[in-house]
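Data block below; observations after.
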Amino acid sequence: MLVPVFTLKLNHKINPHMVTVGKYDGVHPCLTAATQAGKVFIHNPHTRGQRLSSSRITQSTQDSDISLLNINQAVSCLTSGVFNPSHEHHSLLVGTQTDLLAYDVHNNSDVFYREVADGANAIVLGQLGGISPPLAIIGGNCALQGFDHEGNDLFWTVTGDNVRSLCLCDFTGDGNNELLVGSEDYDIRVFKEDEMMAEMAETETVTSLCHMHGSRFGYALANGTVGVYDRTARYWRIKSKNQAMSIHAFDLNSDGVCELITGWSNGKIDARSDRTGEVIFKDNFTSSVAGVVQGDYRMDGQIQLICTSVEGEVRGYLPASKEMKGNLMDASVEQDLIRELSNRKQNLLLELRNYQENSKAGTGSKKKEKEGQVGVIPANTQLQTALSVNASSENQKPCVDLTISTSNDTIIRAVLIFAEGIFEGESHVVHPSAQNLSGCIRVPIIPPKDVPVDLHIKAFVGGKSSTQFHVFELTRQLPRFSMYALCTQGSAPKPRGKATFSINDRLQRVVMWLNQNFLLPEDIEVPDVCFTSLRGAGQLCIKIEQSGEITVNTDDMDLAGDVIQSLSSFLAIEDLNVDADFPDYFEEVRNTLVQVDEYHLVHQRLTAEMADHSSLIRNMLVQAEDARLMGDMKTMKKRYIELFDLNRDLLNGYKIRSNNHTALLNCLRAVNQAIQRAGRLRVGKPKNQVITACRDAIKNNNVNALFKIMRAGIQTS
């Protein structure tokens, strides 16, 4: 059984996801975590004789080993590491919703302090691609930004939604790190510098990412799912009713391969095999886990796994010794394993008894009656599936109909369907009543997003009087654009938005793509088609000329981007520029940019007013105290009444400023999403060029250039 080699009780709460270990003097590891009231504590038990003190750092009154760094804002993320390549000591990086602070703890000085308009929800420090200095990369409001140790902005790009987690990993195996980004739109995106090269769709917000080894990485979702990917292939995943607060890669059983360590909201810590997800170790805290990190905290040359709870409890674990290898669990866990194997044995014995009863069925009429009861079915029985678009009916919303039927007069007693991102809990059961049993079951499906989904179907098939049933299993893929019904052109007003591009490929290949990605009544041969969105987003028309020019008409810019990305992937197109015009959406973006300017002006005015009020309050407080000391109670009362009024105005001003800031963030998010959508209309280099040029146009406040780039992209000779 693996036990902690040290335990600490710190007298400070720890914010979840905000724990790191840094060697701020280059030698001694210090546990660092965000705590309450906009502070970061630094636990340094190694140099008790040295005490830090500055305008930012103060000593804790509760623990002599702890120094407190005053941020004066709610901390949203933090990390530490070697930032300046010419120095060995680590820097501390602290992100808030408005700023990024790089701090030299050893010298008690700011490395730099930068305002970040998009906020900092997640942060990672390290080498990205071919960019030579280490970067502090922050993810915020649909944007990614990277700073070097001098505070220079060397990296910027946009992503699909608010960023919740970041990780650096050699995804391609070329020796350079790629950036993995988890966001609130349930996607894990992989960036090779500013180029997005892969995208994996998950079922919930991606809250944590960690590099395991090679191209393998772990992930955690907001619904309690944790798992491991190797590039775009998922090795395994498990789902818990508790939330994963922190994940970390650490070789706990000394087999040379890192396990996935997970800290849970119920206080449990577990280590799982990176290959199978099997639990090899677990322990429990009395409160939720705050973070899992590693470091040589005892300064004895051995790296420990360091686990922290939100109540300030810290435990360190050493990797297992050779004698203990493979036996990290305590006796109670082994008993649980024995119980699980016993249950599995009972299930197998029950299944064996059912087979024996089938083989012992009688003869004649008794045999037929017996066969009906035990579920014997014709040997040629097949389970058939069909997908069709159901536009709408009186009692049913527009949906995709999945029809499951048998090939003879057998009946389907129940159907179980597993599908990611479609059903709540990822599974759906249809269990008709005994009076409504038949050989055909219809299941309505409403995919929330345009992504291909595998439907894993299990059906119980038997005779009408069966008490035992055969289980049929099959998998059917739901096409990416299944929520679009084929319609006749002219049945509705033609969309004003359009995207036009040219390809050098046979038209038959485009027709193949249409037949694979849409649910069509029969394979089409004419490449000019029109669809109606079952989600109410209007029409989608695709027109293909003999010259290879393709026009996609839709008012939904996201849909146009999805169509272009899907077609480019199918045709293996590496670089594609597109002429686009979405007048309604571009007008919305123009109005948003005007609002951004207005909110910036209001922000500057409110900040100036707050500074003036603060100065007046200081002067008035001095005057009131002077009057009190001189016994002039009338003047003192008058000054305190004025002070009360000023303070009330200051509080009201703060509320207005806070609301203005929230509105500004929403507008900035809309602008970043517009840049992301403009980029998704292109493929390869033209995509990256559009994103970079759009950002430059916004920085230079050149609105006309921005819309010109969104429409025509970057023209290259």
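The values are calculated or read from the model by the stated rules, or taken from the named source; none is laboratory data. Quick caveat, the model's predicted, so the values are computed rather than measured. Because the Cβ atoms are built from the backbone with ideal geometry, glycine has one as well, and the counts that use them run over all protein chains shown. Keep in mind that these areas ignore ligands, DNA and RNA; they rest on the heavy atoms of the full protein, side chains included. Shrake-Rupley method; radii C 1.70, N 1.55, O 1.52, S 1.80 Å.
What to note about this one:
- The trypsin sites (Lys or Arg not before Pro) of segment 446-528 that meet both conditions, a loop assignment by DSSP and at most 13 other Cβ atoms within 10 Å of the site Cβ, are Lys464, Arg506.
- Under 5 Å between amide hydrogens, built in the peptide plane, is the criterion, and for Ala122 it picks out Gly139 among residues at least 5 positions away or on other chains.
- Positive-end extreme of charge dipole, segment 100-196 - chosen from Asn177, Ala143, Leu101 (charges on Cβ): Leu101
- Computed over the alpha-carbon atoms, segment 450-584 gives an Rg to Rh ratio of 1.11, Rh here being the Kirkwood radius from the mean inverse distance.
- Net dipole in debye of the chain [+1 Lys, Arg Cβ; -1 Asp, Glu Cβ; about Cα centre; nearest 20]: 1680
- Extension reserve of the Leu616-Asn152 stretch, reckoned as 0.36 nm per residue once the Cα distance is removed: 163.4 nm
- Here the scattering of segment 229-309 is modelled by Debye summation over its C-alpha atoms, one equal scatterer each and no solvent; at q = 0.12, 0.15 Å⁻¹ the log10 of I(q)/I(0) is -0.36, -0.55.
- Debye equation applied to the C-alpha atoms of segment 90-163, log10 I(q)/I(0) at 0.14, 0.19, 0.20, 0.25 Å⁻¹: -0.40, -0.72, -0.79, -1.17
- Across every pair of non-identical alpha carbons in the chain, the mean reciprocal distance, once inverted, gives a Kirkwood radius of 29.9 Å.
- Length added when fully stretched, Asp336-Val430, from 0.36 nm per residue minus Cα-Cα: 30.6 nm
- Measure of compaction for segment 506-617 (Cα Rg per 2.2 N^0.38 Å): 1.74
- Residues His603 and Asn347, FRET efficiency given R0 of 60 Å [Cβ-Cβ distance, rounded to 0.05]: 0.40
- Ranked by the mean number of other Cβ atoms within 10 Å of their residues, highest first, the peptides 140-151, 165-176 fall in the order 140-151, 165-176.
- Overall, the accessible surface of the chain at a probe of 1.4 angstrom is composed of carbon and sulfur to the extent of 48 percent.
- Calculated [222 nm] ellipticity per residue, helices only, for the chain: -9000 deg cm²/dmol; basis is -39500 (n - 2.57) per DSSP H run with n ≥ 4, divided by all residues, nearest 500.
- For segment 127-260, the solvent-accessible area with a 1.4 angstrom probe is 31 square angstrom per residue.
- Among Ala627, Gly425, Phe582 the positive-end extreme of the charge dipole of the chain (Cβ point charges): Gly425
- Between helix 364-374 and the chain there is an angle of about 10 degrees, using the helix long axis and the longest principal axis of the Cα atoms.
- Compactness of segment 484-542 as Cα Rg over 2.2 N^0.38 Å, two decimals: 1.16
- Debye, to nearest 20: dipole size of segment 225-299, +1 on Lys, Arg Cβ, -1 on Asp, Glu Cβ: 400
- Extension gain for Phe570 to Asp523 (0.36 nm times residue separation, less C-alpha to C-alpha distance): 15.2 nm.
- Placing one equal scatterer on every Cα of segment 379-476 and applying the Debye formula, the log10 ratio I(q)/I(0) at q = 0.16, 0.19, 0.22, 0.25 Å⁻¹ is -0.70, -0.95, -1.19, -1.40.
- Förster radius 35 Å - calculated FRET efficiency between Thr381 and Lys543 (Cβ-Cβ, nearest 0.05): 0.15
- For segment 582-638, size of Cβ-based charge dipole, Lys and Arg +1, Asp and Glu -1, in debye: 640
- Restricting the calculation to Cα atoms, every distinct pair contributes to the Kirkwood radius of segment 164-285, found to be 14.3 Å.
- Rounded accessible area per residue of segment 480-542, 1.4 Å, Å²: 52
- Based on alpha-carbon atoms, the Kirkwood radius and the radius of gyration of segment 506-568 give Rg/Rh equal to 0.93.
- Cα gyration tensor, segment 613-717 - rounded (a/c under 1.5), prolate or oblate: prolate
- Relative to the dominant Cα principal axis of the chain, helix 507-517 is inclined by about 80°.
- Accessible surface, per residue, of segment 655-716 when the full set of protein chains is kept, probe 1.4 Å, Å²: 46
- Relative contact order %, segment 133-278, counting alpha carbon pairs below 8 Å whose residues are six or more apart: 13
- Across the options Leu341, Pro447, Asn660, the greatest Cα extent toward the positive end of the charge dipole of the chain (unit charges at beta carbon of Lys, Arg, Asp, Glu) belongs to Leu341.
- Of the cross-linked pairs Lys241/Lys282; Lys23/Lys699; Lys39/Lys241, those separated by over 25 Å at the C-alpha level are Lys23/Lys699; Lys39/Lys241.
- Taking Cα atoms only, the orientation of helix 583-629 departs from the longest principal axis of the chain by about 30 degrees.
- Over the C-alpha atoms of segment 130-217, the Rg to Rh ratio, Rh being the Kirkwood estimate, stands at 0.95.
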